[in-house]
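Below is one structure, written out as structure tokens; comments come after it.
The values are calculated or read from the model by the stated rules, or taken from the named source; none is laboratory data. The model shown is predicted, which means the values in this text are computed figures rather than measured ones. When we count neighbours, we look across all protein chains shown, and the Cβ atoms used for this are built from the backbone with ideal geometry, even at glycine.
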Amino acid sequence: MKKSFNLKSRLLVFVFCCLGSSSLFSQGCNEEKDDNVRYECWEKVLRSRAVIITNADLRGMVIQDIDFSNRTFVGGNVDGTRFINCNFEGVRFMKKGLRNVYFENCNFKGAAYFSPENCEFVNVDLKEYNVIQAKKNGNNKFTEKDCEGEVNKQDCWERIIKLGQKNMQGKDLTHLDLQGLDLSNVDLRNADLSYSNLSSTNLKNANLTNAKLDHTYFEKADLTNAKMISCQASGSFFNSANLKNADINKANFELADFKNTDFLDAKGAKTANFDHSNIHEAKNLTH
């Protein structure tokens, strides 16, 4: 009898260690009839760092800012659940599928058994393998969002840019610090970047046609092959920037600073407005 008791005790300890605290709470949380009480119960479990989340009834919940990395979801119901700013890196989804779930600003790198159906993805990394597969299968929806109305516009846009969003037509990007970020191949037509800092930013092949760039900092920025047709860049700083092969037809560079700016093979310089700018300090400019 003693040996049997020890064996059972060890087995219980093993199960507890493997399942973590989620196994203790899951049944109780799911039995709560009041949705608000159920939400609060599961919120505690999800933030507890339990390794395995079992039979979680998360229907209708809004779950924000939780790191689920390297955890395992077994069974459960997430129909209508909204995950915002959550990290699913390395997560294992041991269930039949994810249906009707909303994911915003979430990371799925290395997630296993990830088979979403009829889900919506907002501002996710479109280059990540699991996201690419989700676009191919499951009738999922992918949308992009701007930062209008966000309290912290700086953090919001920085996060979106790092996720690789390429369509920023007409967006309000004023007074932002975008220094050193990758905006290559981004569509910025009619966008407003006035008074923003784009020093050392990668803007290769970016489309800045009709963009507002007044008093914007482009020091050491790479604008190779950028389209700057009819852009308004009055009083902007292009010190040591690279505008090689850029299209500057009808661009307004009045009062701009071009010290050591390289215009090698730039197109449309004769139609651009350089009034009161220091073009004599620029390099390879044919005007």
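Of the residues screened, residue 243 is not one that is within 25 Å of the chain's Cα centre (by Cα) and either assigned by TED's automatic domain parsing to the domain that holds residue 264 or closer than 20 Å to residue 283 by Cα (or both).
Tallying residues that are in contact (Cβ under 8 Å) with a residue 12 or more places away in the chain and out of contact with any strand residue (DSSP E or B) (no Cβ under 6 Å at 6 or more places or on another chain) within segment 27-48 yields 14. Can you tell me which residue in segment 256-286 is farthest from residue 221 (Cα to Cα), limited to those that are aliphatic (A, V, I, L, M) and assigned to a loop (DSSP other than H, G, I, E, B)? Within segment 256-286, the match that is farthest from residue 221 (Cα to Cα) is 272. A single member of 171, 166, 204 is within 23 Å of residue 260 (Cβ to Cβ), of a type in the set (D, E, K, R) and in the same structural domain as residue 257 (by TED's automatic domain parsing), and it is 204. Filter segment 215-255 down to residues that are part of a loop (DSSP other than H, G, I, E, B) and touching a Phe, Trp or Tyr at 6+ places or on another chain (Cβ under 6 Å) and give me whichever is surrounded by the fewest Cβ atoms within 10 Å (Cβ to Cβ). Among them, the one singled out is 215. Residues of segment 182-192 that are assigned to a loop (DSSP other than H, G, I, E, B), touching a Lys or Arg at 6+ places or on another chain (Cβ under 7 Å) and either closer than 22 Å to residue 255 by Cα or not assigned by TED's automatic domain parsing to the domain that holds residue 168 (or both): 191 alone.
To keep it simple, each residue is scored yes or no on (1) at pLDDT 90 or above; (2) within 17 Å of the chain's Cα centre (by Cα).
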{"site": "69", "(1), (2)": "yes, no"}
{"site": "125", "(1), (2)": "no, yes"}
{"site": "145", "(1), (2)": "no, yes"}
{"site": "148", "(1), (2)": "no, yes"}
{"site": "177", "(1), (2)": "yes, yes"}
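Among residues of segment 211-223 that are not assigned by TED's automatic domain parsing to the domain that holds residue 243 and of a type outside the set (Val, Ile, Thr), none has a Cβ under 6 angstrom from a residue that is part of a loop (DSSP other than H, G, I, E, B) and modelled with pLDDT under 95 at a sequence gap of 6+ or on a separate chain.
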